[in-house]
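To start, the structure itself, in structure tokens.
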Amino acid sequence: SSSSSSSSSLPSTKLPVKPIPGDYGLHFFGPIRDRLAYFYNEGRDKFFANRIQKYQSTVFKTNMPPGPPIASCSHVICLLDAISFSVLFDASKVEKRDVLDGTFLPSLAYTGGHRVCAYLDPSEPKHKSLKSFFLSTLAARHHKFIPFFQIGLSELFNELEAQISTKKEAYFNTLSDTMSFNYVFRLFCNKNPSETKIGSQGPKLVDKWLLFQLAPLGSLGLSPKILGYFEDILLRTFNFPFFLVKSDYKKLYDVFYEFGSSVLDEAENEFGIERDEACHNLIFLAGFNAYGGMKVLFPGLIKWVALAGQTLHQRLADEIRAVIKAEGGVTLSALNKMVLAKSVIYEYLRIDPPVPFQYGKAKVDLVVESHDAAFEIKKGEMIFGYQPFATKDPKIFVNPEEFVADRFVGEEGEKLLKYVYWSNERETEDSTAENKACAGKNLVVLLCRVLLVEFFLRYDSCQVEASTFMFAPSVTFKSLTKA
């Protein structure tokens, strides 16, 4: 199905129009019932799978966290297949105003009192100037993408080897976070953060700022359940107040304001954005979007590739080394010739998209089609897509739960790329000032490729232990086999 047929204005559809199954339960108690099921009684994936089974439908009504008393309305219409999900990319039908974190909006004190670009709908005038500013800022730094990242990876691998040799294991996430923050700061501020007053504290400052905004959406996965219920009261009764991170955020603001001055000059002079607002947006872009995304992205990639085993490691090493030898270095041209490495990145983004949720409000009355039915959604209703179900749709992908490294190799494989939805848009579409696709969409794919390339130029294979903590995969290296 093309994106244009995934939804249509009322009423044209060839599929039977069915009422949306599911219910929201009693006021106040229904959302809490669903929340406890989602976090503690069933768990995230089971929560959705059980309801697909119960309603025999990939489109249904439910409540999404955090619910009351933090969120006044937690009602959503869930879209859990590849066809219906794509309506969330249609800016003419779905509004993206203040829905980044779903059914609640953290205090704007966390962003200097501004509704930053991520909270704006493309129809709002400020969206275009801010998104254009982001795209322009990234484009102006494209020549730094690979060399800056190689510096960071070299530091990371040296530390990884040192820890394995002394402790017999190395926790990847902390090293990856340090590398990611340093990379983002160097990219935007042209300075190593260790040379500024935040020193090596950058990741901790941002982590705390992120945690206090997103805490109502997370869980430590506590057991037994009684501890989980206590956690639920702790995390979802009140929004965490900004004053607890105010001094941390001020430190971030000051270093970005000082060392990001050339970026802020461009925002003021070329895009007419006030300097203070530009700085808060730059921190959000660098801290929430870029660094926050990388916290999940890089450990996830390492986890899936490491667990895929030695045969894949050998194939990747062979391809990468042959291409690099022929091309004479790690260039864009070389990266584009690595068909297996490219496919592995897309397969990772398909099977485990780093940002799993998408929200939007219906701008108009509309009809959304799944594979086998059509459903009417009323203007103003909240639409929610859980990405890992849409990108593991068994009617689109063969063996959807399996990591198939060469799934996207060749002509038939490339046709499936339009169903890889990790970036708030189809993989086949570009990020523009008029849509909500991730501004750094192409940079993310590039950095994942460079990470694979540098890893397999240096190592033949590795062994890891992986689990999940809060929002991210947690990865510990147990061994590294040097090339």
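The values are calculated or read from the model by the stated rules, or taken from the named source; none is laboratory data. Being a predicted model, the structure only gives us computed values, none of them experimental. For neighbour counting, all protein chains shown are included, and Cβ atoms are generated from backbone atoms with ideal geometry for every residue, glycine included. Surface accessibility is based on the protein's heavy atoms, side chains included, excluding ligands, DNA and RNA. Shrake-Rupley method; radii C 1.70, N 1.55, O 1.52, S 1.80 Å.
Okay, here's what the table says:
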| item | result |
| --- | --- |
| Label assignment, volume of the Cα convex hull per residue in Å³ derived from the structure, set (1) 147; (2) 197; (3) 177 | (1) |
| Nearest-10 value in Å² for the accessible area of S431, using the 1.4 Å probe | 30 |
| Cβ-defined net charge surrounding L138, 12 Å radius [Lys, Arg +1; Asp, Glu -1] | +3 |
| Relative contact order of the range 384-438, pairs being alpha-carbon contacts under 8 Å that are 6 or more residues apart, as % | 23 |
| Simple label model, 7 Å out from Cα along Cβ direction - V339 to A433, nm | 3.9 |
| Listed pairs K395/K441; K204/K361; K14/K126; K251/K303; K303/K363; K131/K361 exceeding 31 Å between Cα atoms | K204/K361; K14/K126; K251/K303; K303/K363 |
| Exposure rank, largest accessible area first [D248, D372; 1.4 Å] | D372, D248 |
| Simple spin-label estimate for H142 and Y253 in nanometres, 7 Å along Cα-Cβ | 3.5 |
| Length gained when the stretch L26-I151 is fully extended (0.36 nm per residue, less Cα-Cα span) | 39.5 nm |
| Rough spin-label spacing in nm, given labels placed 7 Å along Cα→Cβ, for A162 and K482 | 1.5 |
| Added length on full extension, which subtracts the Cα-Cα distance from 0.36 nm per residue, K415 to K18 | 139.9 nm |
| Highest-first arrangement of 281-288, 132-139, where packing means the average Cβ count within 10 Å | 281-288, 132-139 |
| DSSP bridge pairs, the chain: antiparallel proportion in percent, nearest 5 | 85 |
| Segment R275-L227, length gained on full extension (0.36 nm per residue, minus Cα span) | 12.7 nm |
| The range 380-435-the range 219-243 distance, computed between alpha-carbon centres (Å) | 32 |
| Relative contact order (%) - criterion: Cα under 8 Å, at least six apart; region: the range 340-391 | 40 |
| Anisotropy class of the range 145-262 from Cα gyration tensor, a/c 1.5 cut | oblate |
| FRET efficiency, 1/(1 + (r/R0)^6) with R0 25 Å, evaluated for T468 and L234 via beta carbons | 0.80 |
| Relative contact order (%) - the chain, alpha-carbon pairs under 8 angstrom, separation at least six | 24 |
| Surrounding net charge for K225, when Lys and Arg each add one and Asp and Glu each subtract one, Cβ distance under 12 Å | -3 |
| Under 5 Å, built H, 5+ apart or other chain: amide partners of V94 | K363 |
| For the range 308-341 versus the range 200-217, the gap between their alpha-carbon centres in whole angstrom | 36 |
